[in-house]
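Chemist: Following this message is one structure expressed as structure tokens.
The values are calculated or read from the model by the stated rules, or taken from the named source; none is laboratory data. Computed from a predicted model, the values in this text were never measured in an experiment. Methodologically, a virtual Cβ is constructed for each residue, glycine included, from the backbone with ideal geometry; neighbour enumeration extends over all protein chains shown.
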Amino acid sequence: MRFDDVLLTAITQIRANKLRSFFTLLGIIVSVAFLVAVIAVIQGMNAYVKENVADAMIGSNTFQVRRTPINITLIQDDEWARMQRRRKITPGDAQIVETALPDAQAIGMTSGFPTPTTDITWKAKTLGSILVFGVTAPYQEIQDYRFQFGEPLSEVDVRERRLVVVVGADITDKLFDGRNPVGETIHVHGIPMTIIGAIASKGRVLGQSFDGMVLLPITTFESLYGRRQNTTISIKMPTAEQVEPAMGRAQEAMRLAHRLRPGQSDDFSVETSSSLVDFWKQLTRVLFTVIPAVVAIGIIVGGIVVMNIMLMAVRERTHEIGLRKSVGARRRDILSQFLVESVMLAFLGGALGAAGGWAFAGMIAAASPLPARVTAWSIAAALALGAGVGIVFGVYPASRAAALDPVAAMRAD
């Protein structure tokens, strides 16, 4: 029996029992759709963190010298306790790094975590939950801030602890209705400060605005809030290729400054934006370990349903099987007929599930800030999963059909 005849027979049987075929595949469709949709969201988040969040938080062509690493939630308690005994990053450390990296484009400091929030008041208007950062002048260049109005903080502002402030676009838009706010006085942490610059909008990431913030000279910031536990040095190099060698030189300079002996662990961390991406990927790996278990349950249930339906089909078509064997059909012809029908049925479930997952991922992306990217490998995995279920759970019914005695089968009602 030719393969195209087997294929045509399988298609005819599926079309003849559309409703039964659909409900047979429901478990596979739901499981595969869930798999494709979740993978799409995770892949989209991975790409989004890499392309938007990491560069927005750390900067491009940039690395940081920090007291503690970014991936603090994946560190054991005893190691975390040791990190808490590390010395704070100081302006002296920044000068040491600056001396070691004369080719750096900019080296700046920022107040680091935990970042305080406050209400910003101008006349009768108040804007709540505004992030307050203390920075040195070069940090604004490192973050590629574009100024809509006014000018950035200067070294003089930092040195003289001036009560001046640079505001994000949310303050410009919500307190001043988009007008130029330079020269106006706002209250930050209850202290009157003069606006000298307004940053152009940086947009939103995952629904979180990067514009709801103010920048103070780091000296002014520390006089109000104290020195943060995780004050950070940010270094921007002219090109991405220069980042890795510069990290090595910065690490060496910091070790010498902190008088660390050979073999002693660093009491600081040197990290790029890829550290944030790697941290996020470690978190998503947890989901990837849970997803297969959830999908496997649905697939096994769906496969069992497929097997039972195929066994029912064998019983319903016993007379047909006997008739085909009596006119010369071989055992492998009957085996291939029912196996191809099972594989095609499950493959169809995988295809419908992949399409449903694709559509669901699109709905998630449209209705929420979560990005979703359907990848070719997830679609291929869905189709392969469907075909695999058809083979694994279709072998037994096909073997039963092929093993029928033609005489007994012809007598069956």
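Per-residue answers, yes or no, for (1) within 20 Å of R249 (Cα to Cα); (2) crowded, with 19+ Cβ neighbours inside 10 Å:
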| residue | (1), (2) |
| --- | --- |
| R82 | no, no |
| I89 | yes, yes |
| G92 | yes, no |
| M109 | yes, yes |
| V135 | no, yes |
| Y145 | no, no |
| P152 | no, no |
| E160 | no, no |
| A169 | no, yes |
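Chemist: Applying the selection to the range 65-111, what residues are of a type in the set (D, E) and at pLDDT below 75?
Modeler: D77, D78, E79
Chemist: Filter the range 354-389 down to residues that are in contact with a Leu (Cβ under 6 Å, 6 or more places away or on another chain) and either assigned to a helix (DSSP H, G or I) or at pLDDT 75 or above (or both), then give me how many there are.
Modeler: Number of matching residues: 1.
Chemist: Give the residues of the range 176-187 that are among the β-branched types (V, I, T) and assigned to a loop (DSSP other than H, G, I, E, B), sorted by residue number.
Modeler: V182
Chemist: State all residues of the range 226-252 that are more than 31 Å from the chain's Cα centre (by Cα) and more than 15 Å from R67 (Cα to Cα); if no residue qualifies, say none.
Modeler: G226, R249, E252
Chemist: While we're here: When you scan the range 161-173, how many residues do you find that are farther than 14 Å from T121 by Cα and either part of a helix (DSSP H, G or I) or without any contact (Cβ under 8 Å) to a residue 40 or more places away in the chain (or both)?
Modeler: Residues flagged as farther than 14 Å from T121 by Cα and either part of a helix (DSSP H, G or I) or without any contact (Cβ under 8 Å) to a residue 40 or more places away in the chain (or both) within the range 161-173 amount to 1.
Chemist: Also: Inspect all residues belonging to the range 160-173 and state whether any of them is under 23 Å from R228 (Cβ atoms) and in contact with a helix residue (DSSP H, G or I) (Cβ under 6 Å, 6 or more places away or on another chain).
Modeler: Yes, the range 160-173 contains a residue that is under 23 Å from R228 (Cβ atoms) and in contact with a helix residue (DSSP H, G or I) (Cβ under 6 Å, 6 or more places away or on another chain).
Chemist: Please tell me if T172 is farther than 28 Å from P91 by Cα, of a type in the set (S, T, Y) and assigned by TED's automatic domain parsing to the domain that holds E222.
Modeler: yes
Chemist: Determine, yes or no, whether T185 is on the phi < 0 side of the Ramachandran plot and surrounded by 19 or more Cβ atoms within 10 Å (Cβ to Cβ).
Modeler: Taking the combined requirement at face value, the residue does not satisfy it.
Chemist: Another question, then. State which residue pairs qualify: first residue assigned by TED's automatic domain parsing to the domain that holds L215 and over 24 Å from P192 (Cα atoms) and inside the range 100-124, second residue part of a strand (DSSP E or B) and among the hydroxyl-bearing types (S, T, Y) in any location, beta carbons under 6 Å apart, and separation of 6 or more residues or different chains.
Modeler: Correct list of pairs: G108/S234.
Chemist: Take the conditions outside any helix (DSSP H, G or I) and either at pLDDT 75 or above or surrounded by 16 or more Cβ atoms within 10 Å (Cβ to Cβ) (or both) and apply them to R324. Does it pass?
Modeler: Criteria not met by R324.
Chemist: Ok, one more. Looking only at the range 102-116, decide whether some residue is more than 26 Å from E184 (Cα to Cα) and assigned to a helix (DSSP H, G or I).
Modeler: No, the range 102-116 has no match at all.
Chemist: With the requirement that a residue be surrounded by fewer than 20 Cβ atoms within 10 Å (Cβ to Cβ) and at pLDDT below 90, what does the range 112-122 give you?
Modeler: Result: F113, P114, T115.
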